[in-house]
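The values are calculated or read from the model by the stated rules, or taken from the named source; none is laboratory data. Given the structure is predicted, the values throughout are model-derived calculations rather than measurements. Here the Cβ positions follow ideal geometry from the backbone for every residue, glycine too, while neighbour counts run over all protein chains shown. Accessible surface is based on the protein model in full, side chains and every heavy atom, while ligands, DNA and RNA are left aside. Shrake-Rupley method; radii C 1.70, N 1.55, O 1.52, S 1.80 Å.
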Amino acid sequence: MGDLQVFWEAPPDRAEHAIALLAEFSSGTDSTTFGFKLRTGGVTADAFPTSRQIAKVLVTPAAHRLSIKFTAGLHHPLRQYREEVQGKMHGFLNVMGAAVLAAEHQWDADQTAIMLEDENAQSFLFTDDFFAWREWRIDIKRLQYRRQFVVSFGSCSFDEPRDDLRVLKLL
């Protein structure tokens, strides 16, 4: 049986501190024992952190080489207004893409928030060689490397993410 990685969650306003503590505890070890879990939504608009809050969280684990995963609210590929929550839901392409590009290009929270708020499918490009958002790219080898730090996202829905990707002709 392999090593088990434990993910800790904290509210967005306490995330930077929690990530620093987890990184400090894990420093000097060969394996990443701890990771950080960010809740990105819920059933009402007030359960969704702002793009700025998510952006600040995304740039912190990259600096510490700490794994991050995302949970709740990522049912759709792109950020969009959803009637069922009376607010904007974050897109999983926005969040996962911003996590890897922010780490790869050492973005600050301002640049990261811009990507998180992009609602235009034309801004995202997938090829056999790279993933790109606007003029920012990450090649496949680097993307595979970043996957050890940007682990996963959760959604309450199995069909919505796939259906939306089909509509965007990405699946």
Extreme residue, positive dipole direction of the stretch 120-171, given options Pro161, Gln144, Trp133 (C-beta unit charges)
Gln144
Checking the stretch 46-136 for GluC sites (Glu not before Pro) in a loop per DSSP with at most 11 other beta-carbon atoms within 10 Å yields Glu135
Which entry in (i) 12.3; (ii) 9.4; (iii) 10.2 is this structure's computed mean projected area of the Cα convex hull in nm²?
(iii)
Computed ³J(HN,Hα) along the stretch 67-82: with the Karplus parameters 6.51/-1.76/1.60, θ = phi - 60°, integer Hz and x for glycine or proline, the list is 5, 9, 9, 10, 9, 6, x, 9, 8, 10, x, 10, 4, 6, 6, 10
State to the nearest 20 debye the size of the charge dipole of the stretch 96-171 about its Cα centre, where the only charges are +1 on K and R beta carbons and -1 on D and E beta carbons.
360 debye
On C-alpha positions alone, give me the angle between the axis of helix 12-26 and the longest principal axis of the chain, in degrees, nearest 10.
40 degrees
Taking θ = phi - 60°, what integer Hz values does the Karplus form 6.51 cos²θ - 1.76 cosθ + 1.60 yield along the stretch 105-121, in sequence order, with x for Gly and Pro?
9, 6, 5, 8, 5, 5, 5, 4, 5, 4, 5, 4, 8, 5, 10, 9, 4
Can you tally the net charge around Ala15? Count Lys and Arg as +1, Asp and Glu as -1, for every other residue whose Cβ sits under 14 Å from the Cβ of Ala15.
+3
Per residue, what accessible area does the stretch 1-141 have, given a 1.4 Å probe and all protein chains present, in Å²?
52 Å²
Asserting the computed 222 nm helical MRE of the chain (DSSP H runs at least 4 long, -39500 (n - 2.57) per run, divided by residue count, to nearest 500) equals -12000 deg cm²/dmol
Mind checking the full-extension length gain between Gln144 and Ala47? Use 0.36 nm per residue of separation minus the Cα-Cα distance, one decimal, nm.
31.8 nm
Expected vector for the stretch 93-103, Karplus 3J(HN,Hα) from phi with 6.51, -1.76, 1.60 and θ = phi - 60°, integer Hz, x for Gly and Pro, equals 5, 4, 5, 5, x, 5, 4, 6, 5, 4, 5
Selection from Val43, Gln106, Gly73 lying farthest towards where the dipole of the stretch 18-135 points positive, charges on Cβ:
Val43
Alpha carbon centroid spacing (whole Å) that separates the stretch 140-171 from the stretch 99-123:
16 Å
In nm, what is the difference between 0.36 nm times the number of residues separating Phe25 and Leu165 and their Cα-Cα distance?
46.5 nm
Nearest-5 percent of antiparallel DSSP beta bridges in the chain?
45 percent
So which aspartates and glutamates can Lys141 reach, going by Cα to Cα under 14 Å and dropping same-chain residues fewer than 8 places off?
Glu104, Asp128, Asp129
Evaluate the charge dipole of the stretch 52-158 about its Cα centre and quote only its size in Debye, nearest 20, assuming +1 on the Cβ of each Lys and Arg and -1 on the Cβ of each Asp and Glu.
400 debye
Could you give the dipole magnitude of the stretch 40-103 about its Cα centre, charging the beta-carbon of Lys and Arg +1 and that of Asp and Glu -1, in debye to the nearest 20?
260 debye
